[in-house]
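Participant: Handing you a structure now.
Here, each number is a calculation from the coordinates, and none is a lab measurement. All values derive from a computational prediction rather than experimental measurement. When we count neighbours, we look across all protein chains shown, and the Cβ atoms used for this are built from the backbone with ideal geometry, even at glycine.
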Amino acid sequence: MTTMNEMNELDRQAFVAELGEIFEHSPWIANAAWEQRPFASVEALHEAMANVVREASKDQLIELFRAHPDLGTRLAVAPYSAKEQQGAGLNQLTSEEYEVFSEMNRKYVEQFGFPFILAVRGKTKEDILAAMESRILNSLQEETTQALSEIEKITKFRIQDLITG
């Protein structure tokens, strides 16, 4: 783990290298947040990064959403996502479960234009499927708001796992 003091001392390139994948394949967020150093705490760093996302253009948000993998995919995913999905048992789906997840992912993307995003830590594959079934009934605005909320939860876990103090 890295300390908050060590993070504050990094130059822009090293900072982005450390935090660029906290927000799935979106190093532009860490790059923008770097300018707000020094951060008083891990929470302050996360809030600064979350504010970059909140102030992003609609196109940037959609790009961020689309950078997330389908849940339960058998395709290679980023290390953070792989670990999180494994913790929820999504790497051990039966063939039937995989087909159900694939179909729900397809329907969701077709409806909203981006993958289903959920902070899966502490959830089971049954919890995740239930959330997918429930949220597919949302409006685009509701789901955009929910996706942003889930991204904030995911990234808070990731930053807390990476940095102390």
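Participant: What residues of the stretch 40-62 lie in the reach of a label at Thr164, counting those whose backbone N is under 15 Å from a point 7 Å from the Cα along Cα→Cβ?
Facilitator: In the stretch 40-62, the label zone of Thr164 (backbone N under 15 Å from the point 7 Å along Cα→Cβ) covers 42.
Participant: Moving to a separate point now. What residues qualify as long-range amide H neighbours of Thr164, i.e. H under 5 Å apart, gap of 5 or more or another chain, H built at 1.01 Å from N?
Facilitator: Here the answer is Thr2, Thr3, Met4, since their amide H atoms fall under 5 Å of that of Thr164.
Participant: For every other residue with a beta carbon closer than 13 angstrom to the beta carbon of Glu103, add +1 if it is Lys or Arg and -1 if Asp or Glu, then tell me the sum.
Facilitator: Net of charged neighbours comes to -4.
Participant: Around Ile163, under 10 Å between beta carbons, what's the net of Lys plus Arg minus Asp minus Glu among the other residues?
Facilitator: -2
Participant: Evaluate 2.2 N^0.38 Å with N set to the residue count of the chain, then give the Cα radius of gyration divided by it.
Facilitator: 1.06
Participant: Sticking with this one: Counting Lys and Arg as +1 and Asp and Glu as -1, each charge on the Cβ, what is the dipole of the stretch 2-164 about the Cα centre in debye, to the nearest 20?
Facilitator: Its charge dipole is roughly 20 debye.
Participant: Between Gln86 and Glu35, 0.36 nm times their residue separation minus their Cα-Cα distance comes to what? The partial results should precede the final answer.
Facilitator: Details: separation 51, 0.36 × 51 = 18.36 nm, distance 3.42 nm.
Extra length available between Gln86 and Glu35 comes to 14.9 nm.
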